[in-house]
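I have placed the structure first, in the form of structure tokens, so that the comments after it can refer back to it.
The values are calculated or read from the model by the stated rules, or taken from the named source; none is laboratory data. These figures come from a predicted structure and were not determined experimentally. FYI the Cβ positions are ideal-geometry reconstructions off the backbone, even for glycines, and counts take in every protein chain you see. Each accessible area value is taken on the protein alone, full model and side chains, heavy atoms only, with ligands, DNA and RNA left out. Shrake-Rupley method; radii C 1.70, N 1.55, O 1.52, S 1.80 Å.
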Amino acid sequence: NVIHVVELYYKILSKILDLQKVDLNGIKIAVHYGCNYLGSHPDSILTDPQAPILLETIIKECGGIVAEYSEKLCCCGAGIIQRHINPDLALDVSFQKMKSISEVDAELIVTICPFCMSTLENCQFSLDVEKDFEINIPVIHVSELISVVLGIDPVNDLFLNHRAIDPIPILEKTRKL
């Protein structure tokens, strides 16, 4: 039985909390699941694809605040190869998603898909140039978030400071337990 890593984290959340070294200290976090997880096999995932709770539960239990936004269930804009086939449409989808996230003042975006993570980070530069929409919200993977919560150094061990949009200023708001 193969499960997604976010499902594993959800299932062992009590163990993560027992080992937690860092509290998210009220950081406002937007979540993104991605089309692949929510849409590909909706009958075999651990959460309701129309009302997912896995990331939200993890974030709340680790001390963060979930930033609810209207485009949460929408695509990141990449949709496998859409950036190459329909670049204008793909950017429009990313624009709607990022605009929705910015309207709720999210400080950080957490994804469960590395491709979506890359798309949501990189589209911000395209949106600034092509849509005159300036946005600067760091994006990290759920595994990186769990690592930070477990006390792994985000700079020296995870090298998160080398991201195009540096999440370290936001992660500095965390609190050691």
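For this structure, a couple of remarks:
- Yes/no for residue 125 being assigned to a helix (DSSP H, G or I) and either among the charged types (D, E, K, R) or under 15 Å from residue 75 (Cβ atoms) (or both): no
- Flag for residue 145 being open to solvent by 30 Å² or more (accessible area, probe 1.4 Å) and either closer than 22 Å to residue 12 by Cβ or among the aliphatic types (A, V, I, L, M) (or both): no
- Residue satisfying condition, being open to solvent by less than 60 Å² (accessible area, probe 1.4 Å), part of a loop (DSSP other than H, G, I, E, B) and touching a Ser or Thr at 6+ places or on another chain (Cβ under 8 Å), within set 135, 165: 135
- Pick from the range 73-110, criterion open to solvent by 30 Å² or more (accessible area, probe 1.4 Å) and among the charged types (D, E, K, R), ranking: farthest from residue 145 (Cα to Cα): 88
- The single residue among 109, 58 that is closer than 25 Å to residue 8 by Cβ, modelled with pLDDT of 95 or more and in a strand (DSSP E or B) turns out to be 109.
- Residue in the range 40-60 that is surrounded by 18 or more Cβ atoms within 10 Å (Cβ to Cβ) and more than 14 Å from the chain's Cα centre (by Cα) present: yes
- Search result, residues across the range 7-23 that are in a helix (DSSP H, G or I) and basic (Lys, Arg): 11, 15
- Whenever a residue of the range 161-172 is over 16 Å from residue 106 (Cβ atoms), its partners that are open to solvent by 30 Å² or more (accessible area, probe 1.4 Å) and among the polar types (S, T, N, Q), lying with C-beta atoms within less than 8 angstrom and at least six residues away or across chains, give the pairs 164/122; 168/161.
- Search result, residues across the range 27-38 that are open to solvent by less than 30 Å² (accessible area, probe 1.4 Å) and more than 15 Å from residue 73 (Cβ to Cβ): 27, 29
- Within the range 88-108, residues that are within 14 Å of residue 136 (Cα to Cα) reach partners that are open to solvent by 40 Å² or more (accessible area, probe 1.4 Å) and of a type in the set (S, T, N, Q) with beta carbons closer than 6 Å, at six or more positions or on different chains, in the pairs 100/70.
- Of all residues in the range 6-16 being open to solvent by less than 50 Å² (accessible area, probe 1.4 Å) and of a type in the set (A, V, I, L, M), the one that is nearest to the chain's Cα centre (by Cα): 6
- Within the range 111-132, if we keep just the residues that are charged (D, E, K, R) and open to solvent by 40 Å² or more (accessible area, probe 1.4 Å), the residue that is nearest to the chain's Cα centre (by Cα) turns out to be 128.
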